[in-house]
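Chemist: Supplied in structure tokens, the structure appears directly below.
The values are calculated or read from the model by the stated rules, or taken from the named source; none is laboratory data. The shown structure was predicted, so the numbers you read here are calculated from the model rather than taken from an experiment. Here the Cβ is made from the backbone with ideal geometry for all residues, glycine too, and neighbour counts use every protein chain on show. For the accessible areas, the whole protein counts, side chains as well, though only heavy atoms, and no ligand, DNA or RNA atoms are used. Shrake-Rupley method; radii C 1.70, N 1.55, O 1.52, S 1.80 Å.
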Amino acid sequence: MTILANVIFYNFLFFLGRGFLNLPDLILKRKNNSLKKIFGLPQSTFYVFFGLIFIGNIAFLLNFFIGLGSLLPKILIFIILLINFFNKIEIKDRLVLLISNIIIPSILSISAYNIGFHYDAGYYHLNFQNWIINNKIVFGLSNIAPPLGLASVNDYISSIFWLENNFILLHFIQLASIAAFYSFLLQLFISQEKNIYKVVAINILIFSILDNFGFGGGRNGFIYIQGIGKPDIIFSIIFFVSFLLSINLINKKKISLEEFIYLNWLILFCFQIKVFGALLVIPYISLIYKKRKSLLKKIKSSKTFYFQILIGLLWSLKSFILSGCLVFPVKETCIQNVRWFSNNFFEKFYIETKVFNKAFFVGDKIDSWFSDWIEVVENKNILFNFLISYLVIVLINFLISNNKNICKKNSLYIALFALFSIFILIVSSPLPRFLIPVFMIVISSINTDYEDTENKVRSSIITYSKFIFIFFTLVSTFLLVRLDSHLAFINSPQENITIESMEIKYINNDHWGVGPENGDRCWINIKCTNWEGINPKIYNYFGYKYIELND
């Protein structure tokens, strides 16, 4: 039953994304061609991603006016789904559709048989979701607990899929993103005409297989199935896909307005998931500069582009309302004289977060920092395994490629971007789960020459292309699910999995609300704070809650 539920959920997002992307054609009464290609890939490759983009953005926009427990978000989602009936569904490759929409989601759903919450779900994600389900946007919500100011778009998506006290659909959100990523790799290899993208897909697939071997039992920096409630893997996937598509457009002779709009949505969505997504502005600016003549003409005639800018501005407004910062937790964007912003409270959170994440502080010695970082067993194992995987993939490319110079100009560009991203992470949050998209970008830079793309890979690698690649994609998917999850599935395959929030005991705080009796996770109690000594004032103005701290 759980497997069927996940397959249905994946296809729900698939058709929701299709409806969202077909909406402009319906409004403008244009004929839609569902077999058209975007970035050299079938449009259907991106349906699940855009299903998530639609839910996240409609939820965050509605939360300015209503709590998300309302029926309105569900009604709007249903309306977008109905758009699918106005356009005939055309299927070019039934085998790939079967694998992408049925088989891969089925395999991934086995992970639900032995999955738990990520620590941060109970720490703040679920609590924030409960706030926005029951309230319109709250001014100064971060004064209850600073992490509530982070407000990822994944929290807005997740808030739509609460089933009373069953959070299984929150896990399905992550699984849908992973399944869509494998579908992306499949289409990158099968549908892209340029061999270089086939090379990228092969290298990433090899990287995923090697993830199962090495120090500490494996893990080399490839994506993994994360505990429920955390969006790091979704972010890694969107970041990697957005970067690769940016490079695709930079090196393309002609780009369509539609491709540019798709890329804008993906980059915006990535930033909405995590602030680190702002680094994608680097390849984005390169694209704008290189294609400025043709793009400026297209942009001027596009209402969608200006709507995307409006969404970005409203996202910053959301952050400002919650925390007093236009981009939380970037200190330079905080408005000091806003009544609901507390600089001392912010500084405490900022420092504690950097210390917890073992970030580098300016003025420290880099060798001392690295010694502390590498002492963490997980960090050491993943770094060593990544380096070994990188060398193995370089060797494989050297052996199978006619071109023995595998370090080209574009490879250097990608590597420089990866190095800059690593530097930003080192001074902010260099945890392995945040390095995943960078690791994948580095792997994608191997044997990359976007200027001369033909006949760089021997024909033998392409001849068997489809079935060999499909086989190893399914192997990679199977291995991504933990062994204990497979065993749990074998023991009770018919079990209908439910994931419930932990029930804990609370104690009264000195000034406001309650706190957890043990630990620091509030779970879904919006009257709980896990930060000691705060004394918030809560007002109501015109139906909106307003929270500021007493001195």
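Chemist: Among the residues that make up the stretch 93-102, is at least one of them part of a loop (DSSP other than H, G, I, E, B) and closer than 30 Å to Lys36 by Cα? Can you show your working first?
Modeler: Here is the first cut: in the stretch 93-102, the ones part of a loop (DSSP other than H, G, I, E, B) are 93.
Now restrict to residues that are closer than 30 Å to Lys36 by Cα: 93.
Yes, the conditions are met somewhere in the stretch 93-102.
Chemist: If you go through the stretch 118-135 one residue at a time, do you hit one that is in a loop (DSSP other than H, G, I, E, B), open to solvent by 10 Å² or more (accessible area, probe 1.4 Å) and either touching a strand residue (DSSP E or B) at 6+ places or on another chain (Cβ under 8 Å) or free of Cβ contacts under 8 Å to residues at least 60 places away in the same chain (or both)?
Modeler: Looking for residues that are in a loop (DSSP other than H, G, I, E, B), open to solvent by 10 Å² or more (accessible area, probe 1.4 Å) and either touching a strand residue (DSSP E or B) at 6+ places or on another chain (Cβ under 8 Å) or free of Cβ contacts under 8 Å to residues at least 60 places away in the same chain (or both), one finds at least one in the stretch 118-135, hence yes.
Chemist: Right, another one. Taking the options Ile393, Ile335, name whichever one is within 27 Å of the chain's Cα centre (by Cα) and touching a residue at least 12 places away in the same chain (Cβ under 8 Å).
Modeler: Selected residue: Ile393, the only one of Ile393, Ile335 that is within 27 Å of the chain's Cα centre (by Cα) and touching a residue at least 12 places away in the same chain (Cβ under 8 Å).
Chemist: Being polar (S, T, N, Q) and closer than 26 Å to Gln494 by Cα, is that true of even one residue in the stretch 114-127?
Modeler: There is at least one residue in the stretch 114-127 that is polar (S, T, N, Q) and closer than 26 Å to Gln494 by Cα.
Chemist: Could I ask something else about it? So which residues in the stretch 136-174 are part of a loop (DSSP other than H, G, I, E, B), of a type in the set (A, V, I, L, M) and at pLDDT below 95?
Modeler: Correct list: Ile144, Ala145, Leu150, Ala151.
Chemist: Any residue in the stretch 54-66 that is of a type in the set (Val, Ile, Thr), under 20 Å from the mean Cα position of the chain (by Cα) and modelled with pLDDT of 95 or more? Walk me through how you get there before you give the answer.
Modeler: From the stretch 54-66, those of a type in the set (Val, Ile, Thr) are 55, 58, 66; that's our starting set.
Subset that is under 20 Å from the mean Cα position of the chain (by Cα): 55, 58.
Next, only the ones that are modelled with pLDDT of 95 or more stay: 55, 58.
Checked against the condition, which is being of a type in the set (Val, Ile, Thr), under 20 Å from the mean Cα position of the chain (by Cα) and modelled with pLDDT of 95 or more, the stretch 54-66 yields at least one hit.
Chemist: Only residues in the stretch 199-212 that are small (Gly, Ala, Ser) count as the first member; pair them with residues that are open to solvent by less than 20 Å² (accessible area, probe 1.4 Å), Cβ under 7 angstrom, at least 6 apart or cross-chain, and list the lot.
Modeler: From residues that are small (Gly, Ala, Ser), the pairs are Ala201/Leu185; Ala201/Leu188; Ala201/Phe189; Ser208/Phe222; Ser208/Ser476.
Chemist: Which ones in the stretch 486-537 are more than 16 Å from His125 (Cα to Cα), among the basic types (Lys, Arg) and touching a strand residue (DSSP E or B) at 6+ places or on another chain (Cβ under 7 Å)?
Modeler: Once the filter is applied, which keeps residues that are more than 16 Å from His125 (Cα to Cα), among the basic types (Lys, Arg) and touching a strand residue (DSSP E or B) at 6+ places or on another chain (Cβ under 7 Å), the stretch 486-537 yields only Lys537.
Conditions tested, residue by residue: (1) closer than 30 Å to Leu141 by Cβ; (2) out of contact with any Ser or Thr (no Cβ under 7 Å at 6 or more places or on another chain); (3) touching a residue at least 24 places away in the same chain (Cβ under 8 Å); (4) open to solvent by 10 Å² or more (accessible area, probe 1.4 Å).
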site	(1), (2), (3), (4)
Ile8	no, yes, no, yes
Asn22	no, yes, yes, no
Lys29	no, yes, no, yes
Gly67	yes, yes, yes, yes
Pro73	yes, yes, yes, no
Asn84	no, yes, yes, yes
Leu98	no, yes, no, yes
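Chemist: Could you tell me which residue of the stretch 523-551 is surrounded by the most Cβ atoms within 10 Å (Cβ to Cβ), considering only residues that are in contact (Cβ under 8 Å) with a residue 40 or more places away in the chain and in contact with a Gly (Cβ under 7 Å, 6 or more places away or on another chain)?
Modeler: Selected residue: Thr529.
Chemist: Could you tell me which residue of the stretch 106-117 is modelled with the highest pLDDT, considering only residues that are open to solvent by 10 Å² or more (accessible area, probe 1.4 Å) and among the small types (Gly, Ala, Ser)?
Modeler: Within the stretch 106-117, the match that is modelled with the highest pLDDT is Ser106.
Chemist: If you go through the stretch 503-518 one residue at a time, how many are over 20 Å from Ser342 (Cα atoms) and exposed (fewer than 13 other Cβ atoms within 10 Å of the Cβ)?
Modeler: Counting residues in the stretch 503-518 that are over 20 Å from Ser342 (Cα atoms) and exposed (fewer than 13 other Cβ atoms within 10 Å of the Cβ) gives 6.
Chemist: For the stretch 250-263, does any single residue satisfy the condition of being of a type in the set (Ser, Thr, Tyr), modelled with pLDDT of 95 or more, open to solvent by 20 Å² or more (accessible area, probe 1.4 Å) and not in a helix (DSSP H, G or I)?
Modeler: Within the stretch 250-263 (the criterion being of a type in the set (Ser, Thr, Tyr), modelled with pLDDT of 95 or more, open to solvent by 20 Å² or more (accessible area, probe 1.4 Å) and not in a helix (DSSP H, G or I)), the answer is no, since none of the residues qualifies.
Chemist: Does at least one position in the stretch 371-379 carry a residue that is touching a residue at least 60 places away in the same chain (Cβ under 8 Å) and small (Gly, Ala, Ser)?
Modeler: So far as the stretch 371-379 goes, no, none of its residues is touching a residue at least 60 places away in the same chain (Cβ under 8 Å) and small (Gly, Ala, Ser).
Chemist: Something else: For the stretch 175-210: of the residues being outside any helix (DSSP H, G or I) and in contact with a Lys or Arg (Cβ under 8 Å, 6 or more places away or on another chain), which is farthest from Lys252 (Cα to Cα)?
Modeler: Of the stretch 175-210, the ones outside any helix (DSSP H, G or I) are 191-194.
Subsequent filtering for residues that are in contact with a Lys or Arg (Cβ under 8 Å, 6 or more places away or on another chain) retains 191-192.
On the way: Ser191: 16, Gln192: 13 Å.
Looking at residues that are outside any helix (DSSP H, G or I) and in contact with a Lys or Arg (Cβ under 8 Å, 6 or more places away or on another chain), I get Ser191.
Chemist: Going by the structure shown, is Ser476 touching a residue at least 24 places away in the same chain (Cβ under 8 Å), within 16 Å of Ile3 (Cα to Cα) and not aliphatic (A, V, I, L, M)?
Modeler: Considered against the rule, which asks whether it is touching a residue at least 24 places away in the same chain (Cβ under 8 Å), within 16 Å of Ile3 (Cα to Cα) and not aliphatic (A, V, I, L, M), Ser476 comes out as no.
Chemist: Let me ask you something else. From Phe161, Phe167, Phe139, which residue is open to solvent by 10 Å² or more (accessible area, probe 1.4 Å) and either of a type in the set (Gly, Ala, Ser) or touching a strand residue (DSSP E or B) at 6+ places or on another chain (Cβ under 8 Å) (or both)?
Modeler: After applying the criteria, what remains is Phe139.
Chemist: If you go through the stretch 210-226 one residue at a time, how many are surrounded by fewer than 18 Cβ atoms within 10 Å (Cβ to Cβ) and under 23 Å from Phe467 (Cα atoms)?
Modeler: Adding up the residues that qualify gives 1.
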